[in-house]
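Participant: The structure follows.
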Amino acid sequence: MELHFRTARSAVTAEGMVLDIVHRYKYQRHMWFEAFLADLLIRQAAKILTQEQWDMIIPVPLHPAKQHEREFNQAERLAARLSLATGIPVNKKLLQRVEPTRTQTQLSRNERMANVGKAFSLRSTQGLNGKKLVILDDVFTTGATTSACAKLLKPAGVADICVWTVARGL
């Protein structure tokens, strides 16, 4: 699979209790886990991101119907906390999810790529030339979702793209 970002890093492995906490936060609105998950991310990412001088954090967008159903976007909320810790601004309007996709959890690598391949669009290319962007999501498994986002950003003149997530699936 061709990935459209330079690096992907995660704070922890998505297994056991951490995976359970991510699922409870994301699917059951157990919002009290947000501070814990954000702390895991910040402890690993903040120093690296500030040293490397990234310009913007881009949370992976949810489709409006999914966001309405869930009542929040976990990537946006985690990005806001990481932004407070690093001083790197969040841009949650740059990308939009235009296609509702089914959950990736039970899909193969190829099915994941097909599922999200045309799910996103770029709202604007203004001010992106030469920028270093961080794409942020909660879990990284195959990289299909974050790569689909990065694929839209590269032609806009973005100089570098990295991905950060709270957890890395195995």
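The values are calculated or read from the model by the stated rules, or taken from the named source; none is laboratory data. These figures come from a predicted structure and were not determined experimentally. For neighbour counting, all protein chains shown are included, and Cβ atoms are generated from backbone atoms with ideal geometry for every residue, glycine included. Calculation scope for accessible area: heavy atoms of the full protein, side chains included, ligands and nucleic acids excluded. Shrake-Rupley method; radii C 1.70, N 1.55, O 1.52, S 1.80 Å.
Participant: Considering only the range 131-160, state which residues are aliphatic (A, V, I, L, M) and buried (at least 21 other Cβ atoms within 10 Å of the Cβ). Show your work before the answer.
Facilitator: Our first condition is that a residue be aliphatic (A, V, I, L, M); within the range 131-160, this holds for 133-136, 139, 144, 148, 150, 152-153, 156, 158-159.
Selection gives 133, 134, 135, 136, 139, 144, 148, 150, 153, 158.
Participant: Right, residue 75: out of contact with any Asp or Glu (no Cβ under 9 Å at 6 or more places or on another chain) and either of a type in the set (Asp, Glu) or open to solvent by less than 60 Å² (accessible area, probe 1.4 Å) (or both) or not?
Facilitator: Criteria not met by residue 75.
Participant: Across the range 1-24, what is the total count of residues that are open to solvent by 50 Å² or more (accessible area, probe 1.4 Å) and out of contact with any Phe, Trp or Tyr (no Cβ under 8 Å at 6 or more places or on another chain)?
Facilitator: The total comes to 11.
Residues checked against (1) touching a Lys or Arg at 6+ places or on another chain (Cβ under 8 Å); (2) among the aliphatic types (A, V, I, L, M); (3) over 16 Å from residue 96 (Cα atoms):
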residue	(1), (2), (3)
142	yes, no, yes
146	no, no, no
154	no, no, no
158	yes, yes, yes
164	yes, no, yes
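Participant: Sort out which residues of the range 122-137 are part of a strand (DSSP E or B) and farther than 18 Å from residue 61 by Cβ, and write them in order of number. Break it down stepwise before answering.
Facilitator: First pass over the range 122-137, keeping only residues part of a strand (DSSP E or B): 122, 132-137.
Hit for the range 122-137 is 132, nothing else.
Participant: Search the range 58-103 for residues being within 19 Å of residue 167 (Cβ to Cβ) and modelled with pLDDT under 95, and hand back the single one that is nearest to the chain's Cα centre (by Cα).
Facilitator: 62
Participant: Which members of the range 104-130 meet the condition of being crowded, with 18+ Cβ neighbours inside 10 Å and either more than 23 Å from residue 26 (Cβ to Cβ) or at pLDDT 90 or above (or both)?
Facilitator: 128
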